[in-house]
Amino acid sequence: MMENNITRREFVKLVKRLLAITGLAALTAPIVAYFYPPKLEEEPSEPVLVGKEEEIPLNESKAVGFGRYPALVVNTPQGLRAYSAVCTHFACLVKWDKDQNAFICPCHDAAFDPIDGHVIHGPTSIPLKSYAVNVINGEIYIGGDQQ
Ligand code: FES
């Protein structure tokens with residue numbers, strides 16, 4: 001029978017090599033990911049599931065991934081509305097502010113109306129991009145070719 005003996009010195013060398021390879025992979029992976037990002041559609045061609053209706057009470061909002069950028073769904077007294085979270089000024093991400101009843105951009109303080117996305121005030125005059133909203137069996141879907 002053949003014995004496969006490894007000396008302590010050889011074992012330490014092997015461990016050092018494995019650690020060097022692991023470290024090199026940990027350093028290069030983010031660089032590779034930066035130059036070869038995953039392909040995400042700008043906006044999905046299929047409807048995106050937001051969640052159950054009861055997850056968004058009146059005057060509340062929920063953010064969801066919608067292709068490359070997030071979208072915001074808000075439950076208004078006039079019904080559910082969905083918008084791109086990308087501000088139409090310089091593309092910061094707007095956030096829902098329940099107290100102001102508006103989407104507020106943290107960068108230059110633009111405010112957008114939750115009913116139709118129009119600009120309430122701010123440096124931009126372009127409304128938020130809106131998406132179709134459909135509720136099917138109590139589940140909210142946005143976007144896609146639905147109307
Ligand atoms: S980027 Fe939103 S107001 Fe300037």
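The Cα-based radius of gyration and maximum Cα-Cα distance (Dmax) for region 48-142 are 12.4, 40 Å. So what's the angle, to the nearest 10 degrees on a 0 to 90 scale, between helix 8-35 and the longest Cα principal axis of the chain? The answer is roughly 30 degrees.
Label separation (V12 vs A26): 2.1 nm, computed from points 7 Å beyond Cα along the C-beta direction. Taking the Cα centre of region 48-142 as reference, the dipole from Cβ charges on Lys and Arg (+1) and Asp and Glu (-1) amounts to some 300 debye. For the chain, modelled as a GNM whose springs connect Cα atoms under 10 angstrom apart, the maximal fluctuation among G65, G23, G117 occurs at G23.
For the chain, the longest stretch holding no GluC sites (Glu not before Pro) located in a DSSP loop with at most 10 other Cβ atoms within 10 Å is which? Value returned for the longest uninterrupted segment is 43-147.
Comparing I31, I104, I21 in a Gaussian network model of the chain where C-alpha atoms under 10 Å apart are linked, the largest mean-square fluctuation is found at I21.
As I understand it, the dipole of the chain uses +1 on the Cβ of Lys and Arg and -1 on the Cβ of Asp and Glu, about the Cα centre. Which of F90, P70, T7 lies farthest toward its positive end? Highest projection toward the positive end goes to T7.
Between T88, T76, T28, which gets the highest mean-square fluctuation from a Gaussian network model of the chain, Cα cutoff 10 Å? In this elastic network of the chain, the residue with the biggest mean-square fluctuation among T88, T76, T28 is T28. Take the Cα of C107, step 7 Å toward its Cβ, do the same at I136, and the gap between the two points is 3.4 nm.
Would you please name the trypsin sites (Lys or Arg not before Pro) within region 1-110 that are DSSP coil residues with at most 14 other C-beta atoms within 10 Å of their C-beta? Present the calculation step by step, with values, prior to reporting the outcome.
Details: sites: R8, R9, K13, K16, R17, K39, K52, K62, R68, R81, K95, K98; in loops: K39, R68, K98.
Answer by residue number: K39, R68, K98.
Each value in this text was obtained by applying a stated rule to the coordinates, not by laboratory testing. Everything numeric here is computed off the predicted structure, so don't read it as measured data. Note that each Cβ is placed from the backbone with ideal geometry, even for glycine, and that neighbours are counted across all protein chains shown.
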